[in-house]
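So the structure is just underneath, and the comments pick up after that.
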Amino acid sequence: MKSTSGLAVVLVGVLLVALGLGGLLLVGCGDQNGPSRPASDVWTEAGGARVYTVRGQVVQLPTSPTTEFQVRHEAIPDFEDRNGETVGMNVMIMPFPLARGVSIESYEIGDKIEIEMGVNWTQTPAWAATRIRKLPDDTALDWTPLE
(Lines give C-alpha, C1' and ligand atoms only; values in the text may rest on other atoms or scores of the structure.)
Protein backbone atom coordinates (compact mmCIF):
# COMPACT_ATOMS: atom_id res chain seq x y z
CA MET A 1 0.00 0.00 0.00
CA LYS A 2 1.38 3.41 -1.02
CA SER A 3 1.71 6.23 1.48
CA THR A 4 0.17 9.57 0.57
CA SER A 5 2.15 11.36 3.25
CA GLY A 6 5.32 11.15 1.12
CA LEU A 7 3.53 12.78 -1.80
CA ALA A 8 2.16 15.49 0.48
CA VAL A 9 5.67 16.25 1.77
CA VAL A 10 6.99 16.52 -1.80
CA LEU A 11 4.14 18.85 -2.84
CA VAL A 12 4.62 21.07 0.20
CA GLY A 13 8.36 21.19 -0.55
CA VAL A 14 7.74 22.19 -4.17
CA LEU A 15 5.31 24.89 -3.03
CA LEU A 16 7.79 26.29 -0.51
CA VAL A 17 10.58 26.36 -3.11
CA ALA A 18 8.30 28.13 -5.60
CA LEU A 19 7.26 30.72 -3.01
CA GLY A 20 10.88 31.24 -1.96
CA LEU A 21 12.04 31.79 -5.55
CA GLY A 22 9.16 34.19 -6.16
CA GLY A 23 10.20 36.17 -3.08
CA LEU A 24 13.80 36.28 -4.27
CA LEU A 25 12.69 37.52 -7.68
CA LEU A 26 10.65 40.30 -6.09
CA VAL A 27 13.54 41.32 -3.86
CA GLY A 28 15.98 41.12 -6.76
CA CYS A 29 13.82 43.39 -8.90
CA GLY A 30 13.92 46.27 -6.44
CA ASP A 31 16.12 49.33 -6.86
CA GLN A 32 19.14 48.48 -4.79
CA ASN A 33 20.65 51.98 -5.09
CA GLY A 34 17.88 54.05 -3.56
CA PRO A 35 14.25 54.24 -2.54
CA SER A 36 11.82 52.35 -4.71
CA ARG A 37 9.44 54.33 -6.85
CA PRO A 38 5.88 53.46 -7.85
CA ALA A 39 5.67 51.08 -10.82
CA SER A 40 3.87 53.71 -12.87
CA ASP A 41 6.96 55.97 -12.76
CA VAL A 42 8.68 53.72 -15.31
CA TRP A 43 6.16 55.00 -17.88
CA THR A 44 7.23 58.66 -17.50
CA GLU A 45 10.07 60.47 -19.24
CA ALA A 46 11.73 60.84 -15.83
CA GLY A 47 11.51 57.06 -15.47
CA GLY A 48 13.21 56.49 -18.83
CA ALA A 49 10.14 56.18 -21.05
CA ARG A 50 9.33 57.89 -24.32
CA VAL A 51 5.76 59.24 -24.07
CA TYR A 52 3.42 59.43 -27.06
CA THR A 53 -0.10 60.82 -27.38
CA VAL A 54 -2.11 58.48 -29.58
CA ARG A 55 -5.69 58.75 -30.84
CA GLY A 56 -7.75 55.72 -31.73
CA GLN A 57 -10.92 53.71 -31.31
CA VAL A 58 -11.66 50.94 -28.79
CA VAL A 59 -12.07 47.62 -30.61
CA GLN A 60 -11.90 45.16 -27.69
CA LEU A 61 -12.46 45.33 -23.96
CA PRO A 62 -11.20 42.61 -21.62
CA THR A 63 -13.96 40.10 -20.88
CA SER A 64 -11.72 37.53 -19.19
CA PRO A 65 -8.14 37.26 -17.92
CA THR A 66 -7.05 36.11 -21.39
CA THR A 67 -8.49 39.02 -23.40
CA GLU A 68 -6.95 42.46 -23.70
CA PHE A 69 -7.85 46.12 -24.10
CA GLN A 70 -7.24 46.70 -27.81
CA VAL A 71 -7.33 49.92 -29.77
CA ARG A 72 -7.06 50.71 -33.46
CA HIS A 73 -4.77 53.73 -33.41
CA GLU A 74 -3.64 56.36 -35.85
CA ALA A 75 -0.10 56.28 -37.22
CA ILE A 76 2.68 57.47 -34.91
CA PRO A 77 5.25 59.03 -37.28
CA ASP A 78 7.80 59.85 -34.54
CA PHE A 79 7.78 56.42 -32.85
CA GLU A 80 11.29 55.33 -31.80
CA ASP A 81 12.48 51.73 -31.65
CA ARG A 82 14.57 50.30 -28.82
CA ASN A 83 17.73 51.74 -30.42
CA GLY A 84 16.31 55.26 -30.37
CA GLU A 85 15.85 55.36 -34.15
CA THR A 86 12.70 57.02 -35.46
CA VAL A 87 10.94 54.25 -37.37
CA GLY A 88 7.30 55.29 -37.04
CA MET A 89 4.43 53.01 -36.19
CA ASN A 90 1.70 52.42 -38.73
CA VAL A 91 -2.04 52.41 -38.20
CA MET A 92 -2.86 49.16 -36.45
CA ILE A 93 -4.91 47.38 -33.83
CA MET A 94 -2.78 46.67 -30.80
CA PRO A 95 -3.18 45.74 -27.15
CA PHE A 96 -2.60 48.43 -24.55
CA PRO A 97 -1.60 47.17 -21.12
CA LEU A 98 -2.84 49.59 -18.46
CA ALA A 99 -0.47 51.31 -16.06
CA ARG A 100 -1.42 51.15 -12.40
CA GLY A 101 -4.42 53.36 -11.65
CA VAL A 102 -5.68 53.58 -15.26
CA SER A 103 -9.28 52.44 -15.63
CA ILE A 104 -11.27 51.54 -18.72
CA GLU A 105 -14.52 50.87 -16.89
CA SER A 106 -16.35 53.78 -18.53
CA TYR A 107 -15.35 52.92 -22.11
CA GLU A 108 -17.24 50.91 -24.71
CA ILE A 109 -16.28 49.31 -28.00
CA GLY A 110 -16.39 52.03 -30.67
CA ASP A 111 -15.44 54.89 -28.32
CA LYS A 112 -12.92 57.32 -29.76
CA ILE A 113 -10.14 57.94 -27.29
CA GLU A 114 -6.81 59.63 -26.74
CA ILE A 115 -4.16 57.56 -24.99
CA GLU A 116 -0.95 58.69 -23.39
CA MET A 117 1.36 55.74 -24.01
CA GLY A 118 4.64 55.33 -22.19
CA VAL A 119 7.24 53.18 -23.97
CA ASN A 120 10.13 51.95 -21.86
CA TRP A 121 12.22 49.29 -23.57
CA THR A 122 13.62 48.09 -20.22
CA GLN A 123 10.17 46.92 -19.10
CA THR A 124 7.98 43.93 -19.95
CA PRO A 125 5.66 44.76 -21.56
CA ALA A 126 7.56 47.65 -23.12
CA TRP A 127 4.54 49.98 -23.29
CA ALA A 128 1.48 50.90 -21.24
CA ALA A 129 -1.44 53.30 -21.40
CA THR A 130 -0.80 55.85 -18.66
CA ARG A 131 -3.82 58.07 -19.34
CA ILE A 132 -6.96 57.64 -21.40
CA ARG A 133 -9.63 60.19 -22.19
CA LYS A 134 -12.74 59.94 -24.31
CA LEU A 135 -12.92 62.08 -27.44
CA PRO A 136 -16.16 63.51 -28.82
CA ASP A 137 -18.14 61.04 -30.96
CA ASP A 138 -17.75 63.27 -34.02
CA THR A 139 -13.92 63.28 -33.81
CA ALA A 140 -12.47 62.41 -37.21
CA LEU A 141 -9.66 59.87 -36.91
CA ASP A 142 -7.02 59.56 -39.63
CA TRP A 143 -6.47 55.97 -40.77
CA THR A 144 -3.92 56.98 -43.43
CA PRO A 145 -0.94 54.58 -43.23
CA LEU A 146 2.63 55.83 -43.10
CA GLU A 147 4.43 55.84 -46.42
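So, in segment 52-77, exactly how many residues are outside any strand (DSSP E or B) and touching a strand residue (DSSP E or B) at 6+ places or on another chain (Cβ under 6 Å)? Give the derivation first.
Kept after step one, since they are outside any strand (DSSP E or B), are these residues of segment 52-77: 61-69, 74-75, 77.
Next, from what is left, pick out any that are touching a strand residue (DSSP E or B) at 6+ places or on another chain (Cβ under 6 Å): 68, 74.
Result for segment 52-77: 2.
Restricting the first member to segment 53-65 and to residues that are over 27 Å from ALA140 (Cβ atoms), and the second to residues that are of a type in the set (Asp, Glu) and modelled with pLDDT under 95, the beta-carbon pairs closer than 8 Å and six or more apart or on different chains are PRO62/GLU68. Only one of the listed residues (GLY118, GLY88, GLY101, GLY110) is at pLDDT 95 or above and in contact with a helix residue (DSSP H, G or I) (Cβ under 8 Å, 6 or more places away or on another chain). That residue is GLY118. Once segment 51-66 is narrowed to residues that are in contact with a Leu (Cβ under 8 Å, 6 or more places away or on another chain) and of a type outside the set (Lys, Arg), the residue that is nearest to GLU108 (Cα to Cα) is GLN57.
Of the set (1) among the polar types (S, T, N, Q); (2) surrounded by fewer than 18 Cβ atoms within 10 Å (Cβ to Cβ); (3) part of a strand (DSSP E or B), all apply to THR130 but (2). The residues of segment 99-115 that are under 12 Å from the mean Cα position of the chain (by Cα), buried (at least 17 other Cβ atoms within 10 Å of the Cβ) and either outside any loop (DSSP other than H, G, I, E, B) or in contact (Cβ under 8 Å) with a residue 40 or more places away in the chain (or both) amount to a single one, ALA99.
The values are calculated or read from the model by the stated rules, or taken from the named source; none is laboratory data. Note that this is a predicted model, so its numbers are computed, not measured. Here the Cβ is made from the backbone with ideal geometry for all residues, glycine too, and neighbour counts use every protein chain on show.
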